[in-house]
Amino acid sequence: MREEVKLSRPRILIVSAVLPFPAVAGQRERVRNKLLALRESFETTFLTFAESSRRPGLRQELKELCDHAVVMESLYTRSTASRWSHRVRAAGYAALRSLKTSNYLVGELELSPQRVLGAIDPQAYDLALFEYWHSHRAAAALRRRGVPSVLDMHNLLWQSFGRQLEARPRLPSWLRRRKVTAYRRREEAAWGDFDGLISINAEEDTYVRRHCGPKQQVFYAPMGIDLGEWPFDPQPASPPRLAYFGGLGSVHNQRDARSCYEKIMPLVWQQLPEAELWIVGSNPPAEIRNLEESDSRVHVTGFVEDAPPLLNTMSLVLCPWQGTYGFRSRLVQVMALGLPVIASKDAVAGMDLRDGQGIFLESEPENQARRALELLKDPMQRRQQGELAHQQVAQRYSFEATYGRLTQELLQWQKQRKGVWKS
């Protein structure tokens, strides 16, 4: 009986170069949470690629999150020769088109239209969901075979591309602007290969609606969390701990972590010299790890398998993010735990978080430090703000209010399209 119910569900194909584990980045958690939500209403197939030795184990892991897993052999990792060959091709492809090497490796190599169509039977699916726009040509190929495709943008990648180019100071500003403009035009043109788009924050949702076609459906699905996995249980340690929380493999997160240490904490230490800075996140580079060796007040954890117990010992979280794009999922997670947050205004752009309700928006390091000191010196206020932080997240970003709602909207949209097609 259970199998009959399964087969009666609409069938959705998820095409992704991003795996839903391990949870070292918000994008992986988003993919994982969507799979969990989609499986409630759809029969799900997850299509990805991996090096040959990993494929069997990966298939088994994926089946805990989806009904079917298709793991193709990675062409890039097939041999040392293929790595070098495709690395050169990817560099040339990116340079000629003002794109990133990932556009070639994902869209032209691993998840090309030929490979995707060769790995599955398009007639078996009612809907396809693509993570990121890189494999838009595969989406167009599925559309031509009657399978509507939806793109989860994750964010406006041309904006994050511009932020990455800022880390290359030798690149002339005029060339940087030209590259970002070219990338933006290609990204927006790629949207035309999808029937629907999923935006991640309110400002990007408005932007996408202005730039997409009249027949395209736009869904709004911010980053949500399972409140059971991020329980309200603050247990602040003594001496007080201020945390930076985020994956440290990216240049902009490394810069923000250093900003906490170099610009905010010296002002805090002037009045509270015993306070500690905890930098919590995966893949910290040597320059971040060295902070711990040179200053006993700094702790660099690296990847933490179970982050909530550690984060619950913090007094507050700092987020001096620059750039109004994407979604800071780490802010939602720590606020759910009941930790007050001091963030830049950029950090919460489009997230509809209320200033002064568990999160304080200050753009200058001096004001961020001042606000931190106020909270550190007043445990009662800090506790009250932690409760307000949790309430904001529970109201806006629960699993049901985000991924659950998206699943129901996709299901309804798919049924409407099917009805129109039949008529």
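Quickly work out the residue 59-to-residue 168 label distance, labels modelled 7 Å from Cα along the C-beta direction, and quote it in nm with one decimal. Between residue 168 and residue 59, the simple spin-label model gives 4.0 nm. For a modelled paramagnetic label at residue 83, 7 Å from Cα along Cα-to-Cβ, the residues of the stretch 42-76 in reach, with backbone nitrogen under 16 Å, are 50-54, 74-76.
Taking amide H positions as modeled 1.01 Å from N, with prolines and chain starts lacking one, the residues under 5 Å from residue 360 and 5 or more places away or on another chain are 341, 342, 343.
Of the GluC sites (Glu not before Pro) found in the stretch 15-44, the ones in coil according to DSSP and having at most 13 other Cβ atoms within 10 Å of their Cβ are 40.
Modelled label positions at residue 352 and residue 145, each set 7 Å beyond Cα in the direction of Cβ, lie 3.7 nm from each other.
When +1 charges are put on Lys and Arg Cβ atoms and -1 charges on Asp and Glu Cβ atoms, the dipole computed for the stretch 46-148 relative to its Cα centre reaches about 480 debye.
Percent antiparallel among DSSP beta bridges with both residues in the stretch 1-160, to the nearest 5?
On the way: 0 of 19 bridges.
Here the antiparallel bridges make up roughly 0 percent for the stretch 1-160.
Between 228, 92, 358, the Gaussian network model of the chain with springs among Cα atoms under 10 angstrom shows the greatest mean-square fluctuation at 228.
Between the residues 397, 41, 130, the greatest Cα displacement towards the positive end of the dipole of the chain, with unit charges on the Cβ of Lys, Arg, Asp and Glu, is found for 130. To put it simply, the accessible area of the stretch 180-332 at a 1.4 Å probe is 47 percent carbon and sulfur. The accessible surface of the stretch 72-156, taken with every protein chain in place and a 1.4 Å probe, is 52 percent carbon and sulfur. If you run the Gaussian network model on the chain, springs between alpha carbon atoms under 10 Å, then out of 95, 138, 257 the most flexible one is 95. Residues 317, 180 ordered from highest to lowest accessible area at a 1.4 Å probe: 180, 317. For the stretch 137-192, the set of trypsin sites (Lys or Arg not before Pro) satisfying both a DSSP loop assignment and a count of at most 13 other C-beta atoms within 10 Å is given as 145, 170. Between residue 290 and residue 418, the modelled labels are 5.9 nm apart [label points 7 Å from Cα along Cα→Cβ]. Annotation: per residue accessible area for the stretch 373-423 equals 59 Å², rounded to a whole number [probe 1.4 Å, protein chains only].
Angle of helix 26-38 to the longest C-alpha principal axis of the chain, folded into 0 to 90 degrees and rounded to 10: 50°. The lysine pair tally for the chain, using Cα distances under 28 Å and a gap of 8 or more places or different chains, is 21. Here the 3J(HN,Hα) profile of the stretch 266-273, calculated from phi with Karplus coefficients 6.51, -1.76 and 1.60 at θ = phi - 60°, is x, 6, 5, 5, 4, 9, 10, x Hz, Gly and Pro shown as x.
Take every pair of alpha-carbon atoms less than 8 Å apart whose residues are at least six positions apart; their mean separation over the length of the chain yields a relative contact order of 14 percent. Between residue 14 and 45, 46, 47, 129, the built amide H atoms are under 5 Å apart, and every one of these is 5 or more places off in sequence or on another chain. Among the GluC sites (Glu not before Pro) found in the stretch 272-303, those both in a DSSP coil and sparsely packed, with 10 or fewer other Cβ atoms within 10 Å of their Cβ, are 274.
The values are calculated or read from the model by the stated rules, or taken from the named source; none is laboratory data. In this text, all values refer to a predicted model and were calculated from it rather than measured experimentally. Neighbour counts run over all protein chains shown; Cβ positions are idealised from the backbone, glycine included. These area figures cover heavy atoms from the full protein model, side chains too; ligands, DNA and RNA do not enter into them. Shrake-Rupley method; radii C 1.70, N 1.55, O 1.52, S 1.80 Å.
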